[in-house]
Amino acid sequence: MFSPSWRLLGGSAGALVMAALVAGCGGGVRNSPAEGVGCSVTVQIPATGSAPLGTVTAHYLGQTRLLTRNTTTIQLGCGQQATLSATAADPGSHPFIHWDVAGTKSAASRVTVVADGLITAQPSFYVAVKPSPVAKPSPTAKPSAQPSATASTVALDQWLTYDSATKTATLKLEAGYGQVNHTLSFDGEYNGALDVTVPVGWTVAVNFSNVDTINHSAAVVTATGTTPVFAGASIANPEVGLPPGSHASFSFVASQKGNYRIACLVPGHEDAGMWATFDVTTGGLPTIHL
Ligand SMILES: [Cu+2]
C-alpha cells in the first residue's frame, strides 16, 4: 500500500494551521541509508518574466543556503528535513501569501518539510489580476431600495440587510467569492471597494463564510491596526483564519463614529487588498456600495 510520502511540520507561526496539515499524513521519519536515494525537496519560486518574486532561505543538514533561482532541488536522505523561509523580493506589490507543499497550503512564511519522496515546495506571492466582470456579484436589489412604511427589515442587496426597529445591520461576507483578486476579496471586492456604512450605536451582525481553498478571516480594524476596534468585532484567531468551507458569525456594537476597515488578518492578505471600507456615521441608515 502507498501512504502519503511527505509531511509538513510547524513553522514559527500558524501552529494551528500546521497541526491541521500534519493530521492525516502518515509515515514516521526514516533515516535508513538504503532509502537515501530519490528523496529530495524541489523549491520552485514563481517569477514575473524572468525575475523571481522572492527568495528562499533553506536550512538543512546543518547548512544554510539562499535560493534565488526559479527551481532548486535539494537532495536529502529520505526522512531528513529542510526548513524553508520565504522572503518577498517586493513586499509592497508582491507580498508573500502562502506555501504550497505537495498541494497543501500553509500561510506561515517558514515551513519544515520532510523529504520522504520527491517533494515540491512553492512559495506564492501576490500578483495583481483584473477582476473578472463575469465573476462580479450582481446586486439583487439597488441601494435605492427604501424601507416601506410598515416593514422595518430592508435588504439592500444580497450582502447587507438591516432592521431599523432593532437598529441591527446584518452583513454577509464571503471570502474568495467569485475568485476576484486571486481570491483575496470579500463579496467579490477588494482594496476597499466594498463600502459599508452603519449609524453609530447600531449592532452589526456579520455572517462570515470562507468559500476559498485557503484560510481567511474578518475583523474590523483601523487603517493600520490589527486588533478589533470594537469588542467582539472579529472571528476567533483572525491571524490563523477560518479553514476553507467553514462559517463564523460575530456581532458588535458600532459604538464609535469613524473610518475603519474590515480586513482579513491572515498574514499578507490585507496588504494584498483583502479589506473593505467600514464607516460608522453620525446618523442615517446603513448603506452598502460595491
Ligand atoms: Cu484572507
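Using the beta-carbon distance between Thr226 and Ala205 and R0 = 25 Å, what value does 1/(1 + (r/R0)^6) give for FRET efficiency, to the nearest 0.05?
That pair, Thr226 with Ala205, gives E of 0.65.
I need the Kirkwood Rh of the stretch 200-288: take the reciprocal of the average 1/r across all distinct C-alpha pairs and report it in angstrom.
So the Kirkwood estimate lands at 13.2 Å.
Convert each backbone phi in the stretch 269-282 into a coupling constant with the Karplus relation 6.51 cos²θ - 1.76 cosθ + 1.60 (shift: θ = phi - 60°), then list the ³J(HN,Hα) values in order as whole Hz, x for Gly and Pro.
Whole-Hz 3J(HN,Hα) from phi for the stretch 269-282: 6, 5, 4, 8, x, 7, 8, 10, 7, 9, 10, 10, 10, 5.
Taking θ = phi - 60°, what integer Hz values does the Karplus form 6.51 cos²θ - 1.76 cosθ + 1.60 yield along the stretch 233-245, in sequence order, with x for Gly and Pro?
Karplus-based 3J(HN,Hα) across the stretch 233-245 equals 8, 6, 6, 5, 6, x, 6, 7, x, 9, x, x, x Hz.
Give the dimensionless ratio obtained when the Cα radius of gyration of the stretch 212-263 is divided by 2.2 N^0.38 Å.
Numbers: Rg = 11.4 Å, N = 52, 2.2 N^0.38 = 9.9 Å.
Compactness ratio reported: 1.16.
Given a Förster radius of 41 Å and the C-beta distance between Ala165 and Thr213 as r, what FRET efficiency does 1/(1 + (r/R0)^6) yield to the nearest 0.05?
Efficiency computed from Cβ-Cβ geometry: 0.55.
Using the 10 angstrom Cβ neighbour count as an exposure proxy, how do Trp275, Trp159, Trp202 rank, fewest first? Mind showing how you got there, number by number?
On the way: Trp275 28, Trp159 24, Trp202 21.
Ranking Trp275, Trp159, Trp202 by Cβ neighbours within 10 Å, fewest first, gives Trp202, Trp159, Trp275.
Run the reach check for Lys172 against aspartates and glutamates, Cα to Cα strictly under 17 Å, same-chain hits fewer than 8 apart removed. What comes back?
Hits, sequence-local ones excluded: Asp157, Asp163, Asp187, Glu189, Asp195, Asp212, Asp279.
Can you list the HN-Hα couplings for the stretch 206-218, worked out from phi with the Karplus curve (6.51, -1.76, 1.60; θ = phi - 60°), rounded to whole Hz and with x for Gly and Pro?
10, 9, 9, 10, 9, 9, 9, 10, 10, 5, 8, 9, 8
If a paramagnetic tag sat 7 Å from the Cα of Thr64 along the Cα-Cβ line, which residues of the stretch 76-98 would have the backbone N under 19 Å from that point?
Counting only backbone N, you get 81-89.
Name the long-range amide H neighbours of Trp202: under 5 Å, sequence gap of 5 or more, or other chain; modelled H, no Pro or chain starts.
Correct list: Ala254.
Values quoted throughout were computed directly from the atomic coordinates according to the rules given, and no laboratory measurement underlies them. The structure displayed is predicted, hence computed values, not measured ones. All Cβ positions, glycine included, derive from the backbone under ideal geometry; neighbour counts span all protein chains shown.
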